[in-house]
Amino acid sequence: MSFHKTTLKTKTKVLSLDELYLSEENRAKLNQLIEEFNYQSALKEFDIPIDNKILLHGHTGCGKTATAHALGLALNKKVVVLNLGGFVSSRLGETGKNLSEVFRQASNDRAILFIDEFDFLGKIRDYNSEDSGEMQRLVNTFIQQIDNLSHHAILVCATNHLDIIDSALLRRFQLRLRYDLPNQVGLNDYYDSLLSKYPDHLNKIERVYGISYAEAKDLVLQQIKANIIQYEKNKKHLVFDYGMLEAINEKLENLGVSIENSKHEIEGFHKDYTVQHQAIAKKSTEDKIEGNLYEVLGDQLIKLDQLLSTNYKRVLSTTTSGKEAWVYISKY
């Protein structure tokens, strides 16, 4: 069915359960679930069913989706993602048929079926009372499919609004894991983990509390990006000029760049006299061009790029005296 292409997807890059920030209670329940699947044959000897229907509920951005994918990684199972908000059709009868197909696929593949926005059923029920009969049939279809799910597959549903889910549906879940906003200690650990990958001169941020892990990650990335950009703006660069900057000398003065008076040489380039003030790279070290070095800041270098972008490209080279410098050479 064509809808599978847009509503079902498999996520490949995931965090392990050990990498997730979970409450001790949730971690213990998930580890128990994994062990039940690992020792499924031993439990079967005593006719004890495993828990394969899990409801994750609580604040958005606290790890519900990441948990479903981490379970797939831990159990080596494919994770099939179904966003209920984009799946439920205005023609509820068709939705029921499509839903049965999704559950059948998950059972056959022994996969994890992750249903996000599980509370969408309750929202439809509230907003479309005239379709209450069709809605109840859809809920009954859900109940039937949950009850018939293969014990080799796992159903994981996520919601931010537990209170609007039909009670008959809720009773089908053997495990319910609550995801709350992290406390200050938990967020500090998370901030430390995120910031540890960046050097000291970039990892200074203003920490905010009372937010989710997802919000904290967005906050860190925004501030780190701002730190990187500011660092690059203030970073000093050398630009080698062999005469091509003369045409924009007035603009250079406005940029506030400084120039070394001593002459320098760079090997591996020669001037193309068919095009005024353009150098072309050559492989032979016998080719040399002579010029001066300008010292510019990062934001000034960006402005130079903009001024020269029509005919020049910037490459990094080294002068014969050992100084690393940018050179603008012909694009052609």
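Each reported figure results from applying straightforward, stated rules to the coordinates on display, with no laboratory input. Predicted, not measured: the structure shown is a model, and the values here were computed from it. When we count neighbours, we look across all protein chains shown, and the Cβ atoms used for this are built from the backbone with ideal geometry, even at glycine.
Taking the number of other C-beta atoms within 10 Å as the exposure measure, put Ser16, Ser23 in order starting with the fewest. List each step's numbers first, then the result.
On the way: Ser16 11, Ser23 16.
Least crowded to most crowded, the residues run Ser16, Ser23.
Order by neighbour count: Val296, Val327, fewest other Cβ atoms within 10 Å first, most last.
Numbers: Val296 22, Val327 25.
Neighbour counts put them in this order, fewest first: Val296, Val327.
Arrange the following residues from fewest to most other Cβ atoms within 10 Å of their Cβ: Tyr242, Tyr39. Spell out each step's value before the answer.
Working: Tyr242 23, Tyr39 11.
The most exposed by this proxy come first: Tyr39, Tyr242.
With an 8 Å cut-off on Cα pairs and a minimum separation of 6 or more residues, tell me the relative contact order of the stretch 184-234 in percent.
Values: 26 pairs, mean separation 21.7, N = 51.
Worked out over the stretch 184-234, it gives 42 percent.
Can you compute the modelled spin-label distance between Ser16 and Lys217, with each label point 7 Å from Cα toward Cβ, in nm?
If labels sit at Ser16 and Lys217, their model points lie 1.8 nm apart.
Report the gain in length on full extension from Gln105 to Glu25: 0.36 nm times residue separation, minus Cα-Cα distance, nm rounded to one decimal.
On the way: separation 80, 0.36 × 80 = 28.80 nm, distance 3.14 nm.
Value of the extension gain: 25.7 nm.
Suppose the chain between Ser41 and Ile228 were pulled fully straight at 0.36 nm per residue; how much longer would it get relative to their current alpha carbon spacing?
62.0 nm
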